[in-house]
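Below is one structure, written out as structure tokens, with a few remarks after it.
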Amino acid sequence: MNISRQPSVRPGVRGTERSLARRAELIAIGRRLFADTSYDALSMDDIARQAHVAKGLIYYYFHSKRGYYLAIIQDSVAGLVTFAGSGGELPPVERVHRTIDSYLRYAEHNQAAYRTIVSGGVGFDAEVHAIRDEVREAIVATIAEGAYGRTDIAPLARMGLLSWVCSVEGAALDWINRGELPRETMRELLVKTLGGALRAIEEMDPAHPAPRPARRDT
């Protein structure tokens, strides 16, 4: 799975660094625009006007409104997975805690991007849904690596973790919309619900035991 995709900069563009910086700027603008307005409600003229750029510049970098929107989602997904997958040097239980905390931090501090990933799909567009599914699989793999020390887990274990990830998406979206709970409380709640999912997986498939906190000498 390769969530981090190469930028689609057209061949022959001079000043690569400047071009990539301009592309990144347009993606950042697009995140904000699509976070507040549906895909169908924004025309390319609207986007160009609000971005204060010529419409041709957006076509130059992204070829179409669809290409622009997909680039925004892909960039958002790459950022989310990077945040959630950090802390690989930690012990398994601590890594799971770090993954959840990083996921929530990303949602909290990048709310427009998170909304794009979780609820910003273009109808039933198969390619958009495929991009959104990638982040779920990446988070499942990160949790599996932290909980079991490997990513090649059995179908039952994968389904158990995927069910938890899907519930986290909805809960985190409601959390950033309402702002009623501190991140620490939300993190502990998700850690406990993940513990329940891991114990249920272990009960049904003993080959995937839930991780236990390391004992501390007294």
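Values quoted throughout were computed directly from the atomic coordinates according to the rules given, and no laboratory measurement underlies them. Every value quoted in this text rests on a predicted model; they were computed, and no experiment measured them. Reconstructed Cβ throughout: ideal geometry from the backbone, glycine too, with neighbour counts over all protein chains shown.
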Given the structure, is Ala157 within 21 Å of Arg95 (Cβ to Cβ), free of Cβ contacts under 8 Å to residues at least 60 places away in the same chain and among the small types (Gly, Ala, Ser)?
yes
Out of Glu137, Glu127, sole residue that is part of a helix (DSSP H, G or I), over 21 Å from Arg183 (Cβ atoms) and under 12 Å from the mean Cα position of the chain (by Cα):
Glu137
Taking the condition of being of a type in the set (D, E, K, R), in a helix (DSSP H, G or I) and more than 21 Å from Arg98 (Cα to Cα), how many residues in the stretch 175-208 meet it?
3
Restricting attention to the stretch 30-69, and to residues there that are under 17 Å from Leu20 (Cβ atoms) and β-branched (Val, Ile, Thr), which single residue is surrounded by the most Cβ atoms within 10 Å (Cβ to Cβ)?
Ile58
Among what's in the stretch 93-109 and is free of Cβ contacts under 8 Å to residues at least 40 places away in the same chain and under 12 Å from the mean Cα position of the chain (by Cα), pick the residue that is surrounded by the most Cβ atoms within 10 Å (Cβ to Cβ).
Tyr106
Going residue by residue through the stretch 70-81, is there one that turns out to be on the phi > 0 side of the Ramachandran plot and either touching a residue at least 12 places away in the same chain (Cβ under 8 Å) or surrounded by fewer than 17 Cβ atoms within 10 Å (Cβ to Cβ) (or both)?
no
